[in-house]
Amino acid sequence: MFSLEQLVSFVAVAEELHYGRAAERLSMTQPPLSRRIQLLERELGVELFDRTHRTVRLTPAGRVFLAEARKILRSSQEATLYVRRAKKGEVGAVTLGFTATAAYSYLERVLAAVNAEMPGVDLVLRELVTAAQVEELLTGGVDLGMVRPPVTGGDIVTLPLWREPLLAALPSSHPLARRKRNPDVRDFDREPFIMYSPSECRYFHDMLVTVFRVARVLPEYTQYAGQAHTVLALVKAELGVALVPAAAAALRFEGVVLRPVDGIEGRPVELELMWRRGNDNPALGALLTVIGNLARRARQSTVD
């Protein structure tokens with residue numbers, strides 16, 4: 001099989017049509033260059049050049065082989081550059097897990113930042129609840145995930161990404177929706193309420209239980225749902241009111257009014273990034289830098 005060294009020598013002679021100039025271009029002497037071409041012709045079983053004492057010309061086979069040799073050399077150069085970029089994390093693929101509510105707003109920011117700053121990296125997206133993401137992370141199914149805290153594990157690292165408030169989700173016909181002032185969390189006492197499932201959506205279930213306990217509020221749970229979009233659909237059907245993360249406003253359910261809620265301090269809904277310490281995917285480190293910078297800017301905007 002011919003070598004890349006032989007192809008480089010052949011292309012030099014084919015372009016110069018002069019062994020002396022080709023040898024000078026390759027920083028070598030003419031005799032070893034001639035031997036390389038002879039060995040290449042022997043390997044291929046064809047003559048690539050018509051040689052006389054004064055001229056060197058490509059044979060028909062040589063003209064065909066010149067085009068192919070250039071393609072092979074170009075592919076070799078591109079492969080070398082790709083491997084070097086992959087080592088730096090500039091190209092490759094990263095599998096990212098995310099929760100449904102993260103997709104409503106924050107995932108879009110991550111995708112925009114990665115496309116702008118790391119166009120050579122492909123993000124493979126998987127929508128999974130937090131518990132499933134942790135399992136996939138530990139078994140190698142995902143490289144990192146956007147999850148609800150807390151996430152624990154000996155080699156799992158987390159980074160806070162975003163905090164957002166809870167909003168009241170009300171049927172447009174509901175008295176709280178028609179009232180001018182914002183609803184208060186105490187308005188939900190004994191109110192028909194769509195609650196999150198403790199098995200499918202533990203994070204939001206436990207959060208609301210705490211919110212209501214602190215406010216000494218006892219809603220009447222009429223339905224349990226696993227995702228924010230299901231909660232909003234049930235609110236639209238006038239089966240009760242609900243509390244949803246602010247990101248759910250992106251769903252724009254007709255017939256559902258979203259309002260800020262008094263009596264709930266701060267931005268209780270948290271989103272974190274997690275990954276495994278020691279992951280050897282070269283693109284992951286560079287991606288973490290991009291997302292980390294995005295998270296810092298986002299947190300600063302909430303402070304300002």
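The values are calculated or read from the model by the stated rules, or taken from the named source; none is laboratory data. Predicted, not measured: the structure shown is a model, and the values here were computed from it. Methodologically, a virtual Cβ is constructed for each residue, glycine included, from the backbone with ideal geometry; neighbour enumeration extends over all protein chains shown. Each accessible area value is taken on the protein alone, full model and side chains, heavy atoms only, with ligands, DNA and RNA left out. Shrake-Rupley method; radii C 1.70, N 1.55, O 1.52, S 1.80 Å.
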Quiz item: How much accessible surface does Thr80 have with a 1.4 Å probe, in Å² rounded to 10?
Solution: 60
Quiz item: Quick one: how many Å² of Arg57 are accessible to a 1.4 Å probe, rounded to 10?
Solution: 150
Exercise. With only alpha-carbon atoms counted, please give the Rg and Dmax of segment 150-209, in Å.
Key: 16.2, 50
Quiz item: Just how much of Met28 is accessible, in Å², when a 1.4 Å probe is used and the result is rounded to the nearest 10?
Solution: 40
Quiz item: Rank Thr101, Thr139 by accessible area, highest first, at a 1.4 Å probe radius?
Solution: Thr139, Thr101
Quiz prompt | Accessible surface of the chain [probe 1.4 Å, protein heavy atoms]: carbon and sulfur percent | solution = 51
Quiz item: Using modelled backbone amide H atoms (1.01 Å from N, in-plane), which distant-in-sequence or interchain residues come within less than 5 Å of Asp122's amide H?
Solution: Gly92, Ala93, Val94
Self-check item: Amide hydrogen neighbours beyond the local backbone of Phe193, cut-off 5 Å, H modeled
Solution: Glu220, Tyr221, Thr222, Gln223, Val241
Quiz prompt | Accessible-area ranking of Asp155, Asp189, largest first, probe 1.4 Å | solution = Asp189, Asp155
Exercise. Round to the nearest 0.05 the FRET efficiency obtained for Asp122 and Glu68 when R0 = 25 Å and r is the Cβ-Cβ distance.
Key: 0.25
Exercise. Compute the distribution of all C-alpha to C-alpha distances in the chain, in bins of 20 Å from 0, and list the percent of pairs in each, rounded to whole numbers.
Key: 26, 33, 19, 15, 7, 0
Quiz prompt | Sites matching trypsin sites (Lys or Arg not before Pro) across segment 163-212 that sit in DSSP coil, with at most 14 neighbouring C-beta atoms within 10 Å | solution = Arg179, Lys180, Arg181, Arg190
Quiz prompt | Distant-in-sequence amide H partners of Leu167 (H built 1.01 Å from N, under 5 Å) | solution = Val244, Ala246
Quiz item: With each run of n ≥ 4 DSSP H residues scored as -39500 (n - 2.57), what mean residue ellipticity at 222 nm is computed for the chain after dividing by its residue count and rounding to the nearest 500 deg cm²/dmol?
Solution: -14500 deg cm²/dmol
Quiz item: If you take the charge dipole of the chain about its Cα centre, with +1 on Lys and Arg Cβ and -1 on Asp and Glu Cβ, which of Pro32, Gly92, Ala250 is farthest toward its positive end?
Solution: Pro32
